[in-house]
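Values in this text are rule-based calculations from the coordinates and carry no lab data. Nothing here was measured: the structure is a model prediction, and the numbers come from that model. Using ideal geometry, Cβ is built from the backbone for each residue, glycine included, and neighbour counts are taken over all protein chains shown.
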Amino acid sequence: MTHSEDRSAAEAHSDRGHSEDRSAALLEVSGLEVVFDGFRAIDGLDFSVEEGELRFLIGPNGAGKTTLVDVITGLTRPAGGSVRFAGEELVGRREHDIVRLGIGRSFQTPTVFDHLTVVENIDLAASVGMGWRAMLRRRRGIDGPVGEALETVGLEAPADRPAGELSHGQKQWLEIGMLLVQDPRLLLLDEPVAGMSREERTRTGELLQLLCQSRTVVVVEHDMDFLRRFASKVTVMHEGKVLCEGGVAEVQANATVQEVYLGRPERRTEEKTTPTVTTTAG
Ligand code: ADP
Ligand code: MG
């Protein structure tokens, strides 16, 4: 990956405006407010992520997790507050500007082109900004960043199959691969393991741990079993605010968290299949 090149590009970019404060977090959300028809979906949220972290963002349905991701990526405009990334204010910027600054985002429903092959999807993502004709004229090869992305997400075997034939889990990995060729500094993944088989979830957890070795990753997740296996630092959101933050055990022990989130019935079947669930990190 050409991550260092990307990083120096981002630094060069930030030098033009504000200089990047190295003591500051990579992502710093403060006093964020999002209002939908009078309803406060995000209500004075403060949230920050350090470079190189794998952060899990959890909370009950409607807590505002997706809305937060939407604001960071420029899809939703907040009523107030600020989102700073590597020293740059993101509020008011367009989505493609934010992508260019180094933020990649996946959706819960993978947005891949079913009729194109796996490698064509990744190739297409790598060609963003290039015209269609130039893209089609380009020699197709599974080398360079495209090959690396395929390998990272473990989709070398089905590389030449139409994406439409992939399982839901594989489509999520493909979407992550399509983000990786753009070499983002920060990856925001919205419920990537929802709908995945247990085996696919395990592979995704391992993929997340691999990804955070070279970039910063924020994962929105619901599945407590998954969290216990792969999370270290967790942020719990509730009613548009951060309810608590800390290690998995710490968060699970928090009485308010138990009340609003963990108190809900857990999937007993999963507990049975994993009698020795432990926190693998932190
Ligand atoms: P989460 O991802 O944590 O489940 P969301 O961010 O999707 O929660 O939603 C937070 C709250 O904001 C919910 O009550 C949801 O109904 C509301 N909401 C989200 N998007 C919109 C929208 N575009 N218009 C109106 N309400 C919305
Ligand atoms: Mg959501």
Residues residue 43 and residue 228, FRET efficiency given R0 of 30 Å [Cβ-Cβ distance, rounded to 0.05]: 0.60
query: Quick one: if you stick a label point 7 Å off each Cα along the C-beta vector at residue 128 and residue 116, how many nm between them?
result: 1.2 nm
query: Taking the Cα-to-Cβ direction at residue 35 and at residue 256 and moving 7 Å from each Cα, how far apart do the two end points lie in nm?
result: 2.3 nm
